[in-house]
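Okay, so here's the structure we're looking at.
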Amino acid sequence: MENVVTAGREARGAQRAAVRTQQRERKRSLGRALLVGAAAGLAASAATAVVDRLLDPLVSREQKVREKLVRAGSPHAIAGPRFARALLGRRLSAAEERRARAAFGVAYGLLWGAIYAAVRRAVPQASRAAGLPFGVPFYLACDGAIAPLLGLTPGIHRVPWQLDAKELANHVAWTATAEAVHRVDDRIGT
């Protein structure tokens, strides 16, 4: 019986926290929320780069070889240079490819940071569990839909499972970092 009472208290506490977050978000201007979101996206992208390097040794050599059979690299590694070539209408030097990757990483962080801020503002439940309710659909949208539609990668069903798991972990880490930035901003106040 005590466990039921404790669980009920915890659920009510989480519900009250979500309501308080929603009330704070309503008070804050949309512009500030998007600005914090953009900063959160940049911080999250930087943190994800570290997580990606930490997880890379967990992907077997066999899985990396299989990846090369279905795609030239990760969607992030491909996107910047591909968009830059299309925009400029020419081949890129190695230095230009590096700059294009960096520019894509910044744009990705800014855009998805603003999207997460807007989603978090409209649906406070998306910020629960360090943003996990956003992180998994975020992965499915990026790697399962957007990247394949843009021709950056085949669908996730064709990518080796260890790489899919790493990408899912990267998106969850991205969202957790972005959520941490938002929570710091929530504590600081308006």
So, in nm, how far is label ARG128 from label LEU140 when the simple model puts each one 7 Å beyond its Cα toward the Cβ?
1.6 nm
Within the chain, helix-based [θ] at 222 nm, where runs of 4 or more DSSP H residues each add -39,500 (n - 2.57), nearest 500
-27000 deg cm²/dmol
Quickly rank 156-164, 82-90, 132-140 as a protection proxy: mean count of other C-beta atoms within 10 Å, highest first.
132-140, 156-164, 82-90
Expressed as an acute angle from 0 to 90° and rounded to the nearest 10, what is the orientation of the C-alpha long axis of helix 161-188 relative to the principal long axis of the chain?
40 degrees
Considering only protein heavy atoms, what per residue accessible area in square angstrom results for the chain with a 1.4 angstrom probe?
58 Å²
Measure nothing fancy, just the Cα-based angle from helix 75-88's long axis to the longest principal axis of the chain, in degrees from 0 to 90, nearest 10.
60 degrees
Using a 10 angstrom cutoff on alpha carbons, build the Gaussian network for the chain and name the most mobile of ARG120, ARG12, ARG99.
ARG12
Figure the gain on full extension for ARG12 and ARG32 (residue separation times 0.36 nm, minus the Cα-Cα span) and round it to one decimal in nm.
4.3 nm
Comparing ALA14, ALA176, ALA33 in a Gaussian network model of the chain (Cα, 10 Å), the one with the largest mean-square fluctuation is ALA14
Rounded to the nearest Å, the spacing of the alpha-carbon centers of the range 138-171 and the range 120-136 is 20 Å
Relative to the longest principal Cα axis of the chain, at what angle does helix 30-55 sit, 0 to 90 degrees, rounded to 10?
60 degrees
On the formula 1/(1 + (r/R0)^6), with r taken between the Cβ atoms of VAL65 and ALA180 and R0 of 30 Å, the FRET efficiency rounded to 0.05 is 0.25
Roll a 1.4 angstrom probe over the protein heavy atoms and tell me the percent of accessible area of the range 43-93 that is carbon or sulfur.
62 percent
Take the Cα pairs of the range 58-160, get the Kirkwood Rh, then feed it into Stokes-Einstein at 25 °C and 0.890 mPa s and tell me D in µm²/s.
159 µm²/s
Full-extension gain between HIS157 and GLU96, please, as 0.36 nm times their residue separation minus the C-alpha to C-alpha distance.
18.8 nm
So what is the diffusion coefficient of the chain in µm² per second by Stokes-Einstein at 20 °C and 1.002 mPa s, using a Kirkwood Rh over Cα pairs?
118 µm²/s
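The values are calculated or read from the model by the stated rules, or taken from the named source; none is laboratory data. Note that the structure is predicted; figures quoted are calculated from it, not measured. As a convention, Cβ positions derive from the backbone with ideal geometry for all residues, glycine included, and neighbour counts pool all protein chains shown. Accessible surface areas use protein heavy atoms only, side chains included; no ligands, DNA or RNA. Shrake-Rupley method; radii C 1.70, N 1.55, O 1.52, S 1.80 Å.
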